[in-house]
Amino acid sequence: MRKVYVSYNSIVSALGFDSKAVVENIANEVSGIRKISDPKLFPTPFYASLVASEAISEAFHQFGATEAYTRLEQLLILSLQHVIEASKLPLNDRVGLIISTTKGNIDVLEKDSPFPEKRAYLAALGNVLKNFFGFQNDAIVLSNACVSGVLAVAVAKRYIQQGTYDHVFIASGDIVSQFILSGFNSFQAMSSLPCKPYSNDRTGITIGELSASALVTSEEKNLAPEAVEILGEASCNDANHISGPSRTGEGLYRSIQSAMKEAAIEASTIDYISAHGTATSFNDEMEAIAFNRAALQNVPLNSLKGYFGHTLGASGLVETIVGMHSLHQNTLFTSLGFSELGVSKPLTIITEVAPKEVSVFLKTASGFGGCNTAAIFQKCHNTETNNQTN
Amino acid sequence: MSTKLHIERYCHIKNSTVSLNGAPLFEIASEDFLTFIKAAYKELDTKYSKFFKMDNLSKLAFLAADVLLKEDTSLSEGEKNIAIVLSNRASSLDTDRKHQASISDPKNYYPSPAVFVYTLPNICIGEISIKHKLFSENSFFIFETFSADLLKVYTESLLKTNKAEKVLCGWVDFDADSYEAFLYLVSSEGTIEHNNNEITRLYRL
């Protein structure tokens, strides 16, 4: 089976418009979450991590008329542009495009949207990106709730290993909208303060928006310095409830076991866990149970939701990208918002930025519909040496 | 691949008809989806009260999956690793529109978690997984039109890497004025070859 890597990457978010700036902010424990008063989005003030509209327009105007593209399309184009440019790859028929999103251009359903309703179809979003950059293959859109971002990495790997593509660009994104805020609020899942994953005083999620893009490739030459190899991945369903996580962490536990089996590693090989940690009572508890069942309770762990909020279909990819930089810099980043452990099983939450030699990390995500995904990544120090030994 | 893959069984739900392997199981004269799908549920002896809480897309996917999976006698022998790979064009837009309608007027604001939870296309995979106790791989793809090739390659990948023993896959689309389901079960059993020509031929039946 061909080895597959995650290489060049970009993040366009409240914390900056490229991965380097964003990771620098995370290293300084800077959060993108602010209190927002915008009745157009939600009737009362709320916390969220929003990308400033003026900053998007300013960055985007060199690529096209801002009126011709939706907010999400502009965010996706900005992050994907960086990655395509950095990769220097020609967009030929061996190059695929995967878009991961939960709601896409859902804001065009609003009455006063200047865009037609047909823009809400996710294939239309795929076509906008395909045509903007001139991809030869149609975009594959993946919409699998909150695991979409990391599942996209797994799907890219699978298509590469099956020989469909040599390289796949992934663009993931979701925006903060009336639609999302009203929905999560109806579940009484929104935190009244910036979210506090795994803490005893957590009260729910904080929503965020961003786009993240990355190149997944089988080519060992020309990898980004922070590139990682995908050692294993799996997605398992809870088969339990459509909106509540399993009490036993079944699907997440099975996903981790299956990913470790493919990676042919033991739990002790994992140096760091980039977990999902939405800060809802049930989710964080479920994760603690699953990680304990997998004997991972002593592995340093963080949730990055305290920096970006929960960015839905983008969260899995942006968190994978930050994990790659964490490995590259041999630095563990703080799980922002954590106070005291508020789950029934032990976890090793990262409470301050710390240097640590880290080589292998586990990324997990869970979502509505009972879906869970786990992926294991290993950094490629020096790919030429690896080539010879393999 | 060591064993050749086949399409074991397939199911269509369209034009007020449910059919298994090309033969109608149930049909009704009604054009209305809800009338049709509820009558089909009864006639096919589905017996699953959660069905009535589901949105249209989930009802459609659930019933098509149930027709295929209840034929699987091997399922009763213990846990089976059947992955679910679905695709469609309209995602969950039918329910998205309902949620948006519930929030568009501040004077008549009534968002409901029972509606909102269905504003994700993969919820129907969750419904199928719960009923048939499938702790398996799942993914939901959105394509402009049915893509035999992308489904085939992905299914082969899951079976080849032993991530699944069988794959339930296909197309399940519900939009404002149209619905269509075509699901098929891929495994080493059966007689129909698992290739693009056969998948496309069956889809068009």
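The values are calculated or read from the model by the stated rules, or taken from the named source; none is laboratory data. Note that the coordinates shown come from a computational prediction; the quantities given were computed from them, not determined experimentally. In this analysis, Cβ positions are derived from the backbone assuming ideal geometry, glycine residues included, and neighbour counts consider all displayed protein chains. For the accessible areas, the whole protein counts, side chains as well, though only heavy atoms, and no ligand, DNA or RNA atoms are used. Shrake-Rupley method; radii C 1.70, N 1.55, O 1.52, S 1.80 Å.
Order these peptides, B:143-149, A:305-311, B:163-169, A:192-198, by their mean beta-carbon neighbour count within 10 angstrom, highest first.
Final packing ranking: A:305-311, B:163-169, A:192-198, B:143-149.
Which distance in Å, rounded to a whole number, links the C-alpha centroids of the stretch A:118-151 and the stretch A:59-76?
Going from one Cα centre to the other spans 16 Å.
If you take each beta carbon of peptide A:105-116 and count the beta carbons of other chains within 10 angstrom, what is the mean?
Details: counts 0, 6, 1, 1, 8, 3, 3, 1, 0, 0, 0, 0.
That average works out to 2.
If a paramagnetic tag sat 7 Å from the Cα of A:Glu340 along the Cα-Cβ line, which residues of the stretch A:165-207 would have the backbone N under 11 Å from that point?
Label zone hits: A:200-201.
I'd like to check one number: the per residue accessible area of the stretch B:145-205, probe 1.4 Å, reported in Å² as a whole number. Numbers along the way, then the final one.
Numbers: 2390 Å² over 61 residues.
Using a 1.4 Å probe on heavy atoms only, each residue of the stretch B:145-205 averages 39 Å².
Which of these, A:Leu89, A:Leu341, A:Leu231, has the largest mean-square fluctuation under a Gaussian network model of chain A (Cα springs below 10 Å)?
Highest fluctuation of the listed residues: A:Leu89.
Counting only other residues whose beta carbon sits under 12 Å from that of B:Gln100, what net charge do I get with K and R as +1, D and E as -1? Before the final figure, lay out the partial values.
Working: positive: A:Lys103, A:Lys111, B:Arg97, B:Lys98; negative: A:Asp107, A:Glu110, A:Glu117, B:Asp94, B:Asp96, B:Asp105.
So the environment of B:Gln100 carries a net charge of -2.
Want the number for A:Ser192 to A:Glu110: 0.36 nm per residue separation, take away the alpha-carbon distance, what's left? Kindly include the intermediate steps, with their values, before the conclusion.
Details: separation 82, 0.36 × 82 = 29.52 nm, distance 2.54 nm.
Extra length available between A:Ser192 and A:Glu110 comes to 27.0 nm.
Please identify every one of the GluC sites (Glu not before Pro) in the stretch A:252-289 that sits in a loop by DSSP and has no more than 15 other beta carbons within 10 Å of its own beta carbon.
On the way: sites: A:Glu262, A:Glu266, A:Glu285, A:Glu287; in loops: A:Glu266.
Of the GluC sites (Glu not before Pro), the ones in loops of the stretch A:252-289 whose Cβ has at most 15 other Cβ atoms within 10 Å are A:Glu266.
Once neighbouring chains are kept in place and the probe is 1.4 Å, which whole percent of the accessible area of the stretch B:78-133 is contributed by carbon and sulfur?
56 percent
Can you give the FRET efficiency for B:Lys38 and A:Ser53, using 1/(1 + (r/R0)^6), R0 = 60 Å, r = Cβ-Cβ distance, to the nearest 0.05?
Details: r = 46 Å, r/R0 = 0.77.
After rounding, the FRET efficiency stands at 0.85.
Give the residue list of chymotrypsin sites (Phe, Trp or Tyr not before Pro) in the stretch A:45-112 that are DSSP loop and have at most 16 other beta-carbon atoms within 10 angstrom.
On the way: sites: A:Phe46, A:Tyr47, A:Phe60, A:Phe63, A:Tyr69; in loops: A:Phe63, A:Tyr69.
Taking the stretch A:45-112 and a limit of 16 other Cβ atoms within 10 Å, the loop chymotrypsin sites (Phe, Trp or Tyr not before Pro) found are A:Phe63.
For A:Leu142, enumerate residues with amide H under 5 Å from its amide H, sequence gap 5+ or separate chain, H modeled in the peptide plane.
A:Ile99, A:Ser100, A:Thr101, B:Ile142
Starting from the coordinates of the alpha-carbon atoms of the stretch A:228-389, obtain the Kirkwood hydrodynamic radius over all distinct pairs and give the value in Å to one decimal. Intermediate results must be reported in sequence, preceding the final value.
Details: mean 1/r = 0.0637 Å⁻¹.
Evaluated over the stretch A:228-389, this radius sits at 15.7 Å.
What is the local net charge at A:Asp93, summed over the other residues whose Cβ is closer than 15 Å to its Cβ (Lys, Arg +1; Asp, Glu -1)? Mind showing how you got there, number by number?
Values: positive: A:Arg94, A:Lys130; negative: A:Asp138, A:Asp166, B:Asp149.
Here the charged neighbours net out to -1.
Per residue of A:130-139, count partner chain C-beta atoms within 10 Å of its C-beta, then hand back the mean as an integer.
Per residue, the average neighbour count from other chains is 1.
Over the whole of B:141-148, what's the average partner chain Cβ count within 10 Å per residue? Rounded to a whole number, please. Let's see the in-between values first.
Values: counts 8, 14, 7, 9, 2, 0, 2, 0.
Across the residues of B:141-148, the mean count of other-chain Cβ atoms within 10 Å is 5.
Long-range amide H contacts for A:Tyr8: which residues qualify at under 5 Å (H placed 1.01 Å from N, peptide plane, sequence gap of 5 or more or a different chain)?
A:Leu215, A:Ala224
Please list, in order along the stretch A:145-157, the HN-Hα scalar couplings obtained from phi with the Karplus expression 6.51 cos²θ - 1.76 cosθ + 1.60 (θ = phi - 60°), rounded to whole Hz, x for Gly and Pro.
With the stated coefficients, the stretch A:145-157 comes to 6, 7, 8, 3, x, 7, 4, 4, 5, 5, 5, 4, 4 Hz.
How many Å² of accessible surface get buried when B and A come together, counting both sides, probe radius 1.4 Å, rounded to the nearest 100? Don't skip to the answer; put the middle values down first.
Working: alone 10430 and 15370 Å², together 21400 Å².
Chain pair B/A: roughly 4400 Å² of buried accessible area.
Give me the percent of the accessible area of chain A that comes from carbon and sulfur atoms, probe 1.4 Å, all protein chains in place. Don't skip to the answer; put the middle values down first.
Values: 6310 of 13160 Å².
The computed percentage sits at 48.
Gap in Å between the Cα centre of the stretch B:154-181 and the Cα centre of the stretch A:316-386?
Answer, in whole Å: 31.
So who's got an amide H within less than 5 Å of the one on A:Leu332, skipping anything under 5 residues away but keeping other chains? H placed 1.01 Å off N, in plane.
A:Ala354, A:Lys356
Could you compute the net charge surrounding A:Gly126? Neighbours are other residues with a C-beta less than 12 Å from the C-beta of A:Gly126; K and R count +1, D and E count -1.
Values: positive: A:Arg119, A:Lys130, B:Arg89; negative: A:Glu73, A:Asp138, B:Glu144.
So the environment of A:Gly126 carries a net charge of 0.
Give me the tail of P(r) for the protein assembly as shown as a percent: Cα-Cα pairs with distance above 43 Å.
14 percent
Per residue, how much accessible area does the stretch A:5-217 have with a 1.4 Å probe, in Å²? Before the final figure, lay out the partial values.
Numbers: 7050 Å² over 213 residues.
Dividing the accessible area of the stretch A:5-217 by its residue count gives 33 Å².
Using Cα centres only, tell me the gap between the stretch B:1-59 and the stretch A:1-50 in whole Å.
Distance between centres, Cα-based: 43 Å.
Given the options B:Lys42, B:Lys133, B:Lys160, state which has the largest fluctuation in a GNM of chain B using a 10 Å cut-off (strictly under) for Cα springs.
Looking only at B:Lys42, B:Lys133, B:Lys160, the largest GNM fluctuation is found for B:Lys42.
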